[in-house]
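Only one structure is covered here, and it is reproduced in the block below.
The values are calculated or read from the model by the stated rules, or taken from the named source; none is laboratory data. Small disclaimer: the values here were computed from a predicted structure and weren't measured. Every residue, glycine among them, receives a Cβ derived from its backbone with ideal geometry; neighbour counts consider all protein chains shown.
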Amino acid sequence: MDRVFLPLFLDMKNRACLLVGSGEELVRKGQILLSAGANLKLIAPRETPGLWPSQLQDRIHWLSETFEPQHLVGIWLVVSTHSSHPINLGIRQEAEARGIFVNVVDQPDYCSAIWPALIFRPPVTVAISTGGTGPALSGWLKQKIARELPENLEEMASWFSQWRQMIAPKLKNLEERGHFWRHLFSQGLLDRFARGDRSGADEMIRQAVIVRKKNDSMPV
């Protein structure tokens, strides 16, 4: 493909998304959007809303209509699993005219947004894309990467966030903070934590702070 897609994570809380089509893929992507806090407008078979949990139903609005341009009012993202090329072309053209991104399953020519393969280890999310060239390849990469991630990744992310907040005020700017952590990572900080040696990882950070204080008179 001659297009380059920007990898980006979006705050979708209370954002309206239009889903058009049917099938398991529509339900799966709808669930991901709902989990991210989005609200759904559905042009889908009547039974589709019931495929999501009852506690989410107040964020789902089903329409007993075919797609019309007015359905795009207030919409941030469109997802289509429809198999009809003419319908998807119409959706893309109408959405493009309104500055709305569109993801069409298995029809990359109509996509202005690519849906990546996702690995969820909250608060960590890993997204993999092949630029629309092959979802099966993205799925293979997802499985391969997931096997390499530490089992305690969720705990690691929370632990690192706590240390990061404590260390940030002691360093002058983003560049210094980045250098501080990159140096520790290169010394095996996260590998130590991944092996279950949290106390050893804590001590590595404390010693790095002491060394930096001696070198730069950084307050402790």
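I'm trying to understand the selection: among the residues of segment 15-56, which are among the hydroxyl-bearing types (Ser, Thr, Tyr) and surrounded by fewer than 15 Cβ atoms within 10 Å (Cβ to Cβ)?
Ser35, Ser54
Say we look at segment 195-214 and pick out the residues that are surrounded by 14 or more Cβ atoms within 10 Å (Cβ to Cβ) and among the hydrophobic types (A, V, I, L, M, F, W, C); which of these is nearest to Trp163 (Cα to Cα)?
Filtering segment 195-214 for residues that are surrounded by 14 or more Cβ atoms within 10 Å (Cβ to Cβ) and among the hydrophobic types (A, V, I, L, M, F, W, C), the one nearest to Trp163 (Cα to Cα) comes out as Ile205.
When the residues of segment 192-201 are filtered to those that are under 29 Å from the mean Cα position of the chain (by Cα) and part of a helix (DSSP H, G or I), which remaining residue is farthest from Asn152 (Cα to Cα)?
Ala201
Could you give me the residue pairs with C-beta distances under 7 Å whose first residue belongs to segment 84-102 and is modelled with pLDDT under 95, whose second residue is of a type in the set (Ser, Thr, Tyr) wherever it lies, and which are 6+ apart or on separate chains?
Short answer, once both residue conditions are applied: none.
Starting from segment 157-178, keep only residues that are in the same structural domain as Asp191 (by TED's automatic domain parsing) and at pLDDT below 95, then list their pairs with residues that are among the small types (Gly, Ala, Ser) and in a helix (DSSP H, G or I) whose Cβ atoms are within a distance under 8 Å, requiring at least 6 positions of separation or different chains.
These pairs meet every condition: Arg177/Ala168.
What is the residue count in segment 159-175 for residues that are in a helix (DSSP H, G or I) and surrounded by 14 or more Cβ atoms within 10 Å (Cβ to Cβ)?
So the count comes out to 5.
Is it the case that some residue within segment 59-72 is under 24 Å from the mean Cα position of the chain (by Cα) and under 10 Å from Val20 (Cβ atoms)?
No, segment 59-72 contains no residue that is under 24 Å from the mean Cα position of the chain (by Cα) and under 10 Å from Val20 (Cβ atoms).
Need the failing condition index for Ser22 against (1) touching a His at 6+ places or on another chain (Cβ under 9 Å); (2) outside the structural domain of Ile100 (by TED's automatic domain parsing), just the number.
So Ser22 meets the others, but not (2).
Looking at (1) without any contact (Cβ under 8 Å) to a residue 60 or more places away in the chain; (2) closer than 24 Å to Asp2 by Cα; (3) of a type outside the set (S, T, N, Q), which one does Val124 not meet, given that it meets all the others?
Condition not satisfied by Val124: (2).
Answer yes or no as to whether Ile128 is in contact with a Leu (Cβ under 7 Å, 6 or more places away or on another chain) and within 19 Å of Phe9 (Cα to Cα).
Yes; evaluated as a whole, the condition is true for this residue.
Tell me, which residue of segment 114-150 that is under 18 Å from Leu189 (Cβ atoms) and touching a helix residue (DSSP H, G or I) at 6+ places or on another chain (Cβ under 8 Å) is surrounded by the fewest Cβ atoms within 10 Å (Cβ to Cβ)?
Filtering first and then ranking leaves Val124.
For residues that are among the hydroxyl-bearing types (Ser, Thr, Tyr) and modelled with pLDDT under 95, tally how many sit in segment 61-83.
3
Taking Ile145 as the residue in question, decide whether it is in contact with a strand residue (DSSP E or B) (Cβ under 7 Å, 6 or more places away or on another chain), of a type in the set (Val, Ile, Thr), under 30 Å from Ala117 (Cα atoms) and in contact (Cβ under 8 Å) with a residue 24 or more places away in the chain. Spell out the reasoning first.
On the way: in contact with a strand residue (DSSP E or B) (Cβ under 7 Å, 6 or more places away or on another chain): yes; of a type in the set (Val, Ile, Thr): yes; under 30 Å from Ala117 (Cα atoms): yes; in contact (Cβ under 8 Å) with a residue 24 or more places away in the chain: yes.
It is true that Ile145 is in contact with a strand residue (DSSP E or B) (Cβ under 7 Å, 6 or more places away or on another chain), of a type in the set (Val, Ile, Thr), under 30 Å from Ala117 (Cα atoms) and in contact (Cβ under 8 Å) with a residue 24 or more places away in the chain.
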